[in-house]
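So the structure is just underneath, and the comments pick up after that.
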Amino acid sequence: MKILIVGTGYVGLVTAVGLAELGHEVVAIDVDQSKINKLKKGILPFYEPDLKKIVLKNIRKKQLFFNNSLKNNLKNCQCIFICVGTPPKRDGAADLKDVRRVAYELGENMKEYKIIVNKSTVPVGTGQLIKKIVKKNYSGDFAVISCPEFLREGRAVWDFFHPDRIIIGGEDDKAIATIINLFKKIKTKKIKTTLETAELVKYASNAFLTTKISFINEIANLCEKVGADVEEVAFSMGLDKRIGPSFLKAGIGYGGSCFPKDVRALKQLAGGHGYKFRLLKSVIEVNRHQRRVIIKKIKEIFPKIKNKKVAILGLAFKDNTDDIRESAAIEIIKILKSQGAKISVYDPQAMANAKKILNSKINYCLNPYEACRAAQLLIIATEWPQFKNLNWQRIKRLMKNDIILDGKNLLDKGKMLKMRFRYIGVGR
Ligand code: UGA
């Protein structure tokens, strides 16, 4: 099938190349011409493991094309995937201006039946809104489907081909059957439902995962008070199949371009319908508090941080990505910097992005060892797995004080204590 993907961000690009890999002919468009020019050469706008390889492969096989015109590519495509951003507005609600613009442009240019699939994370009711906007300029038959995306940054390619479920919401049975068929090579449960239900599944899933994280962070804070270890509590809780082991990792709170935005958007959505979502208010508050917990710990070690040399390993909001949006690491650096600390940082992928938003008086290091040289405190701020296997003896020799603040509970506490580091985790 010929497919048009509108938007080449994380969701758009992964969906485009994933569908191309499944054998469909895909044109991905974006309003950013320089991005399109680079994509044509296989230069990606962000780091994502394995993505570049399959983008290049599908460009070569002529399964994947990049362009900047919706109008010129619409005619040949039966199916259009909307994958544009829905950033938060000042009040937390999702900004639908790009979704509206695409719907309008589709209406202006449609001449025959098309299936419009929305993959952007949107409030309930957006599918109906898309229909209404298209109808302003097009009176023919068409279908709108909601097919939310559940991929994780850093594991997006794997997630595309191995989803736990594919949700297909809509009112047109023929269109739903076409979309199910589009994904037929992916063996997973395909759930047929309404537009509204599909739209809510996405927000509800992200909000539930953040609830798990904030819950375990509260347990971690309690562990510190009662002398328990949150890692062991989480492990034993996770053995209960009703709870499950994932998203029970305590630390400095969730970040990224999705969780913080989507929880706030769901809270706003509920409020807009006259329902006060009390739980989400707490989830957000706990996450904010968790960042302050780490600052409090730093203050306990050094009541005056001015001129203290602090090494920070990790800048990305999580491992395997160069994304620093809503990253706890960046927030901590800004606070420490404002209080006069001397900061050295290292991240395997996110240094270039961090340089764009942090001031220049930060020492950007070529490797973790350089960052730790003469440091009086080391903070682990991102769960990059390679940090576990650093030469910790070497780091001990390089540091001035051997204090580690492990904001992600990444390191083996026993091993660190044995090496005579002063190790402080979260809830351990
Ligand atoms: C998240 C969801 O996991 C995806 O299913 C969803 O598609 C995506 O948002 C989206 O809406 O687009 P992502 O933001 O890429 O994916 O990253 P996650 O792996 O979910 O991690 C989010 C944050 O939570 C990170 O800061 C991570 O460090 C933190 N986290 C995660 C914890 O603190 N503890 C955990 O146990 C798990």
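The values are calculated or read from the model by the stated rules, or taken from the named source; none is laboratory data. Just so it is clear, the structure is predicted and the values come from calculations on it, not from any experiment. Virtual Cβ from ideal backbone geometry, glycine too; neighbours counted across all protein chains shown. When the accessible area is computed, the model is the full protein with side chains, heavy atoms only, and any ligands, DNA or RNA have been set aside. Shrake-Rupley method; radii C 1.70, N 1.55, O 1.52, S 1.80 Å.
Note that the range 32-42 has calculated 3J(HN,Hα) couplings of 7, 4, 5, 5, 5, 4, 5, 4, 4, 8, x Hz, one per residue in order, obtained from phi through the Karplus relation 6.51 cos²θ - 1.76 cosθ + 1.60 (θ = phi - 60°); glycine and proline are x.
Ordering 78, 195, 103 by Cα displacement along the dipole of the chain toward the positive end leaves 103 in first place; charges were set at the Cβ atoms of Lys, Arg (+1) and Asp, Glu (-1). Rounded, prolate or oblate, given the Cα gyration tensor of the range 2-193, with a/c below 1.5 counting as rounded? Verdict is rounded for the range 2-193. Using Cα centres only, tell me the gap between the range 160-188 and the range 98-136 in whole Å. A separation of 19 Å, based on Cα centres.
Below 10 angstrom from the Cβ of residue 255, what's the summed charge of the other residues (Lys, Arg +1; Asp, Glu -1)?
The answer is 0.
The trypsin sites (Lys or Arg not before Pro) of the range 269-326 that DSSP puts in a loop, and whose beta carbon has at most 15 other beta carbons within 10 Å, are 276, 304, 306. Computed from Cα positions, the angle between helix 173-182 and the longest principal axis of the chain comes to roughly 50 degrees. Around residue 357, under 14 Å between beta carbons, what's the net of Lys plus Arg minus Asp minus Glu among the other residues? Around residue 357, the surrounding residues sum to +1.
Taking amide hydrogens as placed 1.01 Å from N in the peptide plane, the amide H of residue 379 sits under 5 Å from those of 311, 312, 313, 405, each at least 5 positions away in sequence or on another chain. Expressed to the nearest 5 percent, the antiparallel share of DSSP beta bridges inside the chain is 5 percent. Sorted on the mean count of surrounding Cβ atoms within 10 Å across their residues, most packed first, peptides 357-367, 156-166, 34-44 read 156-166, 34-44, 357-367.
Extension gain, residue 232-residue 75: 0.36 nm per intervening residue step, less the Cα-Cα distance, totals 50.8 nm. Whole-Hz Karplus values for the range 246-255 come out as 7, 6, 10, 9, 6, x, 9, x, 7, x Hz, taken residue by residue from phi with 6.51 cos²θ - 1.76 cosθ + 1.60 and θ = phi - 60°; glycine and proline positions read x. Taking the helices alone, the chain has a mean residue ellipticity at 222 nm of -13500 deg cm²/dmol, built from -39,500 (n - 2.57) per DSSP H run of at least 4 residues and averaged over all its residues. Test of understanding: extend the Cα→C-beta vector of residue 352 to 7 Å, then name every residue of the range 15-59 with backbone N under 16 Å from that spot. Inside the label zone: 34-53.
Figure legend: label point modelled 7 angstrom from the Cα of residue 374 along Cα→Cβ; residues of the range 381-423 with amide N under 11 Å from it are 400. Tell me the net charge near residue 237. Cut-off is 14 Å between Cβ atoms, residue 237 excluded, with +1 for each Lys or Arg and -1 for each Asp or Glu. Net charge in that neighbourhood comes out at -1. Net charge dipole, the range 209-424: roughly 820 debye, given to the nearest 20, about the Cα centre with Cβ charges of +1 for Lys and Arg and -1 for Asp and Glu. With protein chains left intact and a 1.4 Å probe, residues in the chain average 47 Å² of accessible area per residue. Rounded to two decimals, the Cα-based Rg/Rh of the chain, with Kirkwood Rh, is 1.01. Shape verdict for the range 297-397, please, from the Cα gyration tensor: rounded (a/c under 1.5), prolate (a/b greater than b/c) or oblate. It is oblate, given that a/c is not under 1.5 and a/b is not larger than b/c.
Annotation for the range 44-140: chymotrypsin sites (Phe, Trp or Tyr not before Pro) lying in DSSP loop with at most 13 further Cβ atoms inside 10 Å of their Cβ are 113. Taking amide H as placed 1.01 Å from N in the peptide plane, the amide H of residue 114 sits under 5 Å from that of 143, each at least 5 places away or on another chain.
When the chain is described by a simple charge dipole with +1 on each Lys and Arg Cβ and -1 on each Asp and Glu Cβ, the residue from 335, 305, 170 located farthest towards its positive end is 305.
Summary of the geometry: the range 196-271 and the range 350-368, compared by the centres of their Cα atoms, lie 30 Å apart.
Placing R0 at 56 angstrom, the Cβ-Cβ distance between residue 412 and residue 278 gives a FRET efficiency of 0.90 after rounding to 0.05.
Springs join every pair of Cα atoms under 10 Å in this Gaussian network model of the chain, and among 356, 57, 192 the largest mean-square fluctuation is at 356. Across the range 296-313, coupling constants 3J(HN,Hα) worked out from phi with the 6.51/-1.76/1.60 Karplus curve, θ = phi - 60°, read 4, 5, 5, 5, 5, 6, 10, x, 10, 8, 3, 6, 7, 8, 10, 9, 10, 9 Hz, and Gly and Pro carry x.
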